[in-house]
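Everything on this sheet refers to the single structure shown next.
All of the numbers you see were taken from the coordinates with simple rules; none came from a lab. Predicted model, so just to flag it, every value in this text is computed and none were measured. Cβ atoms come from the backbone with ideal geometry, glycine included; neighbour counts cover every protein chain shown.
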Amino acid sequence: MNPKIKIEDVKLYYGDFLALKSISMDIPENKITAFIGPSGCGKSTMLKCINRMNDLVEGCRIEGLITLDSEDIYSKEYNVNRLRKRVGMVFQSPNPFPKSIYDNITYGPRTHGINDKATLDEIVERSLKQAAIWEEVKGDLNKNAMALSGGQQQRLCIARALSVEPEVILMDEPTSALDPISTGKIEDLVTELKKEYTIVMVTHNMQQASRVSDKTAFFLTGEVVEFADTYDVFSKPQDKRTEDYISGRFG
Ligand SMILES: Nc1ncnc2c1ncn2[C@@H]1O[C@H](COP(=O)(O)OP(=O)(O)OP(=O)(O)O)[C@@H](O)[C@H]1O
Ligand SMILES: [Mg+2]
C-alpha cells in the first residue's frame, strides 16, 4: 500500500543552518505516527513541512520530496490552501480564537465558502462530538472559548481542526500543557480519531508515544535515527542512541 505521506531525502535550512539532514520516511494512513527526541532536534520543523507552515518563515529553504497521496505538495501547481484543508494542525498550547465556541468551529468552513446556517450547525455538532467535548459545551455554544479550561480548549482546537474534514492531523505536543485527566481524554480521542484520520504527533512523553502510536520516529540533531513500529522501537531499539534516549539516559 502507498503511504499517506512520503518524505524523501528532505533537507531544511533556516538561513545557513541545516535543521533537517536528509530525512526519509513513509507515514501510513489511519495510523498514529509519533515523533520523539530531545529538544531542538527538528521534530516541529519536520511536522510543519507536512502542511508547508515553514513557507511563512523567512530564510527557510527545503529540498527533497514530500508527497500526500502521491502528489508532490511542494510542486508549483499544488494549491497551499487545499493542502491546509487536507492537513490540519493542533499546537502545543491551546490557541482558540477569542470568540464563541460556535464561531471557533465555523471559522474554517466559512473561509471555505460554507455559509448555510443549517450546514454550519451540523458541522459544529459533528466536530464537537468527534473531539469529545460536545456534552460539555452543547448548552452554551455562544460562550467565549477563552472561558473554557485548558483541556477543554485543546479539545475545542481539535474540533476546529476537524471542522474542515481534513485527512491528516498534525499535533505538536498537544498535551504538554494539560493535566493527567485531560491528557488521558486527548489520548483516548486520538486513538478514536485514527480510524478516520492519519495522525502525526510530536511528544516528549515516552509513555504517551508507546501508549498511543503505531509508528515512532526518533529524531536526533536533525536526523531520524530510527523509524519503526512503536513496539519495536521501545522493546528492541536497533540504535544505541535510541536505547539511551528511551531509557532516559539523555534528553
Ligand atoms: N524559525 C526558525 N529560525 C531559525 N532556526 C529555527 C527556527 N525554528 C527552529 N529553528 C532551529 O531548528 C532546530 C530544530 O527546531 P525544532 O523547533 O524543529 O525542534 P524540536 O525538536 O521541535 O524541539 P522542541 O522539542 O524543543 O520543541 C533548532 O536548532 C532550532 O533552533
Ligand atoms: Mg517542537
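Seen against the Cα atoms of the chain and their longest principal axis, helix 180-193 is set at about 90 degrees. Of the trypsin sites (Lys or Arg not before Pro) found in region 105-138, the ones in coil according to DSSP and having at most 13 other Cβ atoms within 10 Å of their Cβ are LYS138. Could you work out how far the C-alpha centroid of region 138-215 sits from that of region 1-54, in angstrom? Region 138-215 and region 1-54 have Cα centres separated by 20 Å.
Summarising the overall dimensions of region 47-134 from its C-alpha atoms, the Rg and Dmax are 15.7, 44 angstrom.
Normalised by the number of residues in the chain, the mean separation of alpha-carbon contacts (under 8 Å, six or more apart) gives a relative contact order of 27 percent. Considering only alpha-carbon pairs that sit under 8 angstrom and 6 or more positions apart, the relative contact order computed for region 89-190 is 45 percent. Here's the list of aspartates and glutamates a cross-link from LYS117 could span, going by alpha-carbon distance under 14 Å and ignoring same-chain residues fewer than 8 apart: ASP103, GLU125. As a rough footprinting exposure proxy, the listed residues VAL57, VAL137, VAL224 were ranked by other beta carbons within 10 Å of their own, and the order from fewest upward is VAL57, VAL137, VAL224. Here's the picture: charge each Lys and Arg Cβ at +1 and each Asp and Glu Cβ at -1 in region 39-154, and of SER100, SER39, ILE66 the one pushed furthest to the positive end of that dipole is SER39.
Just need the relative contact order of region 167-234 here, percent rounded to a whole number, with Cα pairs under 8 Å and 6+ apart.
Once divided by the residue count of region 167-234, the mean separation gives 29 percent.
Highest mobility in the GNM of the chain, judged by mean-square fluctuation with C-alpha springs under 10 Å and restricted to ALA161, ALA118, ALA177, is found for ALA118.
Which links in LYS85/LYS138; LYS48/LYS195; LYS21/LYS236; LYS76/LYS129 stretch past 30 Å when you go from one Cα to the other? Among LYS85/LYS138; LYS48/LYS195; LYS21/LYS236; LYS76/LYS129, the Cα-Cα distance tops 30 Å for LYS76/LYS129. As a proxy for reagent exposure, ranking LEU56, LEU68 by other Cβ atoms within 10 Å from fewest up yields LEU56, LEU68. Among SER93, SER100, SER44, a tally of other beta-carbon atoms within 10 Å of each Cβ gives an order, fewest to most, of SER93, SER100, SER44. What FRET efficiency would be calculated for the residue pair HIS112, ASP55, taking the C-beta separation as r and a Förster radius of 22 Å, to the nearest 0.05? Calculated value: 0.70.
Quick check: from the Cα gyration tensor, does region 201-251 come out rounded (a/c under 1.5), prolate or oblate?
Note, shape of region 201-251 comes out rounded.
A straight Cα-to-Cα reach below 13 Å connects LYS4 with the aspartates and glutamates ASP26, GLU29, ASP69, GLU71, ASP72, GLU167, GLU196, residues fewer than 8 places away in its own chain not being considered. The overall shape of region 85-172, judged from the alpha-carbon gyration tensor, is oblate: a/c is not under 1.5, and a/b is no greater than b/c.
Relative to the longest principal axis of the C-alpha atoms of the chain, give the angle of the C-alpha long axis of helix 150-162, reported between 0 and 90° and rounded to the nearest 10°. The two axes meet at around 90 degrees. Farthest towards the positive end of the charge dipole of the chain, among the residues ILE133, ASN205, PHE227, is the Cα of ILE133, using unit charges on the Cβ of Lys, Arg, Asp and Glu.
Starting from 0.36 nm per residue, how many nanometres of slack lie between LYS11 and GLN92 once their C-alpha separation is accounted for? Present the calculation step by step, with values, prior to reporting the outcome.
Values: separation 81, 0.36 × 81 = 29.16 nm, distance 2.41 nm.
Using 0.36 nm per residue and subtracting the Cα-Cα distance, I get 26.7 nm.
A simple spin-label model places pseudo-atoms 7 Å from Cα toward Cβ; at GLU77 and GLN238 they are separated by 3.5 nm. Loop-resident GluC sites (Glu not before Pro) (DSSP state other than H, G, I, E or B) in region 75-133 with no more than 12 further Cβ atoms inside 10 Å of their Cβ: GLU77.
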